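Trainee: Quick one: the structure is below, and I'll ask about it shortly.
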């Protein structure tokens, strides 16, 4: 449906945005310039602890808080802020906040324009060297702020935007309970490279309570942990994507449709369309459904629904439970909507994305179509009734009845029997006509039964799409299909087992085992291609393209191995299985004319088969190609076992699956 398509498109954009942020943060934390900047800022910051702070500097800092920061904070939060709980306390933080905030000639929101405080300190020399470069990165990628944090003290030794958190400690300072502090703590605890931590949006007081999220990554100087890089990104980019730059109609959402994100706490992570377009009407609806006055007042005060609007619908609950679908629900305004929902795949965040439209607008075309059909049906029925009454007086009733029944049969109504209570030639003609109808009914039912049996047979042998093409008369079916994962599985020990059984028992045992494999294919979105003796072949991403075809096939392989072990336990057998997996392009098509089969072939199939035949392929092993390993190495634990010579000048690595995840248990 339209809503599902819009939802999927928005989800892809949001997930790509966060993946880009993660990649940028990780790359920046490993950049030599950032590593050097972290070391020099850290050293210069600690040198400031020996400075003396004149009374007029403290007075200037106090004046900034009293005149600029705390009055704005008081307007956005309940109660009166206590200055002593917000002002910097350490010598270094007071020094920096004086020179780069209180004495900075640029207005609030433009403090980053000062490159050098001209105080002669080592810190200002380092700041003048690195600040212009880091500010260009900040401007290019649209982040709200960038921080460098000392690993030992938790002090923010550098920030671009120069807000009141600048210079303070995230361990002991006034913002030690902020989501920035949580992100930094996670990065410090990671104790390893290649790690990033995203923390969810929360109201961030240094930004006057605006919703802000953070991502943090540790900075290492070779093997020595020296600090943390953190990026603050606002909701602006998320709102731009979710509102389509406030062009909902261009996104196909009509007059009442919207897409929005909900966090794990069941509050919004993107702004409501109705707050933007009709704020008064939106707030009135919230009052009508008895939303608390404090919440409504906060939405008005902050001019946003993010972190304030509670959305606890059935659609949200399903999406946060990692399920997707479409259903009719009452939305957060209490209005019936058609809702398409799904979870967002963002590591570290349990978010749901929803695309909704008022039910009245979503079903308007259906209601109009029903109305037109009803009018025309009434008109046609009336017309037929009048015509029948007229003709019944014009023609002889028995002949008219026979003609009417004959027409019904010609139109496909094979149950059009004639009832004539007469003993003359018309009665004999009616009996002969009814005998013909009964014969036609029997033959029609037989044909329909055969058609159903043939269709069931086609669907059991071929995928749905191929079966439809065969039914339409297409004969030569062959497709080049990219991005497909192929699995070969060989049941070991069956030959020896079958020698101790009758033929019937051996076939039944193998059939029972293969049936469990077939049932598992449906659960994992995998397609069975064929079985050859005790060899089983399946693919993923063939009939239905899937972005996660490799992940699904690994999960299916693990399940198949578990099924064999469960089968051994239940049947008292001693079977095992070895599996090989490779991914790439394949050719799929129908082979043969009288005895047709649906098969796949190509280099991808050959390589998967060769891997299975390698000496390193032991019972119980799951071997994957280099292609699968490169794609899934961050999700599963593999170990190298062999090189598979693909061409004379190229080796293809063979890897064995060790565990179901980087921190999972061994398999």
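Read the figures in this text as sums done on the coordinates, not as results from a lab. Everything numeric here is computed off the predicted structure, so don't read it as measured data. Here the Cβ positions follow ideal geometry from the backbone for every residue, glycine too, while neighbour counts run over all protein chains shown.
Trainee: For the chain, what proportion of DSSP beta bridges, expressed in % and rounded to the nearest 5, is antiparallel?
Mentor: In the chain, approximately 95 percent of DSSP beta bridges are antiparallel ones.
Trainee: What translational D, rounded to a whole number of µm²/s, comes out for region 80-122 from Stokes-Einstein when the hydrodynamic radius is the Kirkwood one over Cα pairs, at 37 °C and 0.692 mPa s?
Mentor: Working: Rh = 11.7 Å.
Here the translational diffusion coefficient equals 281 µm²/s.
Trainee: Give, in nm to one decimal, the length gained when the segment between residue 500 and residue 591 is fully stretched (0.36 nm per residue of separation minus the Cα-Cα distance). It would help to have the intermediate numbers written out before the result.
Mentor: Details: separation 91, 0.36 × 91 = 32.76 nm, distance 3.63 nm.
Gain on stretching residue 500 to residue 591: 29.1 nm.
Trainee: To continue, here is another question. When the convex hull of the Cα atoms of region 217-312 is projected onto a plane and the area is averaged over all directions, what value comes out in nm²? Let's see the in-between values first.
Mentor: Values: hull surface 35.6 nm².
For region 217-312, averaging the hull's shadow over all directions gives 8.9 nm².
Trainee: Still on this model: For the chain, find the longest principal axis of its Cα atoms and tell me its angle to the long axis of helix 549-571, 0 to 90°, nearest 10.
Mentor: Roughly 60 degrees, rounded to the nearest 10.
Trainee: So how far apart, in nm, are the two label points at residue 221 and residue 281 if each is 7 Å from Cα heading toward Cβ?
Mentor: Between residue 221 and residue 281, the label points sit 6.1 nm apart.
Trainee: Suppose R0 equals 60 Å. What FRET efficiency, 1/(1 + (r/R0)^6) with r the Cβ-Cβ distance, do residue 51 and residue 483 give to the nearest 0.05? Before the final figure, lay out the partial values.
Mentor: Values: r = 61 Å, r/R0 = 1.01.
For residue 51 and residue 483, the calculated efficiency is 0.50.
Trainee: Here is a follow-up. I need the calculated FRET efficiency for the pair residue 515 and residue 108, taking r as the beta carbon distance and R₀ as 51 Å, to the nearest 0.05.
Mentor: 0.10
Trainee: Find the all-direction average of the projected area of the Cα convex hull for the chain, expressing the result in square nanometres with one decimal place.
Mentor: Values: hull surface 183.7 nm².
Averaged projected area of the chain's Cα convex hull equals 45.9 nm².
Trainee: Using alpha-carbon positions, what is the distance between the centroids of region 1-52 and region 530-565, in Å?
Mentor: 38
Trainee: Further question on the same structure: Classify region 238-362 as rounded, prolate or oblate, taking a ≥ b ≥ c as the square roots of the eigenvalues of its Cα gyration tensor: rounded when a/c is under 1.5, otherwise prolate if a/b is larger than b/c and oblate if not.
Mentor: Because its axes are fairly even, with a/c under 1.5, region 238-362 counts as rounded.
Trainee: Oh, and also: Quick check: the distance between the Cα centres of region 121-147 and region 86-118, to the nearest angstrom?
Mentor: 14
Trainee: Semi-axes of region 200-260's equivalent ellipsoid from the Cα gyration tensor, sqrt of 5 times each eigenvalue, largest first, rounded to whole Å?
Mentor: 36, 15, 7
Trainee: Can you give the percent of C-alpha pairs in region 1-137 whose distance is more than 22 Å?
Mentor: The calculated P(r) of region 1-137 puts 57 percent of pairs beyond 22 Å.
Trainee: Now for a different question. Using only Cα atoms, tell me the angle between helix 293-302 and the longest principal axis of the chain; keep it within 0 to 90° and round to the nearest 10.
Mentor: Rounded to the nearest ten degrees, it is 70.
Trainee: Compute the FRET efficiency between residue 403 and residue 471 as 1/(1 + (r/R0)^6), taking r as their Cβ-Cβ distance and R0 = 41 Å, and round to the nearest 0.05.
Mentor: Step by step, r from the Cβ atoms, then E = 0.70.
Trainee: What ranking do 273, 140, 125, 333 get, fewest neighbouring Cβ atoms within 10 angstrom at the top?
Mentor: In order of increasing Cβ crowding within 10 Å: 140, 125, 333, 273.
Trainee: Using only Cα atoms, tell me the angle between helix 425-461 and the longest principal axis of the chain; keep it within 0 to 90° and round to the nearest 10.
Mentor: 40
Trainee: Note down the Stokes-Einstein diffusion coefficient of region 31-234 in µm²/s, whole number, using a Kirkwood radius over alpha carbon pairs, 37 °C, and 0.692 mPa s.
Mentor: The estimated diffusion coefficient comes to 193 µm²/s.
Trainee: Sticking with this one: Among 595-608, 298-311, 196-209, what's the highest-first ranking by average C-beta atoms within 10 angstrom per residue?
Mentor: 196-209, 298-311, 595-608
Trainee: Could I ask something else about it? Between rounded, prolate and oblate, where does region 475-659 land on the alpha carbon gyration tensor, with a ≥ b ≥ c its root eigenvalues, rounded for a/c under 1.5, else prolate if a/b exceeds b/c? Could you put the intermediate results ahead of the total?
Mentor: On the way: a/c = 1.64, a/b = 1.18, b/c = 1.38.
In terms of gyration-tensor shape, oblate.
Trainee: Right, next: So how far apart, in nm, are the two label points at residue 58 and residue 247 if each is 7 Å from Cα heading toward Cβ?
Mentor: Rounded to a tenth, the inter-label distance reads 5.7 nm.
Trainee: To the nearest 500 deg cm²/dmol, what mean residue ellipticity at 222 nm is calculated for the chain from DSSP H runs of n ≥ 4 alone, each contributing -39,500 (n - 2.57), summed and divided by the residues?
Mentor: That calculation yields -14500 deg cm²/dmol at 222 nm.
Trainee: Label-point separation (nm) for residue 601 and residue 33, each offset 7 Å from Cα along Cα-to-Cβ?
Mentor: 5.5
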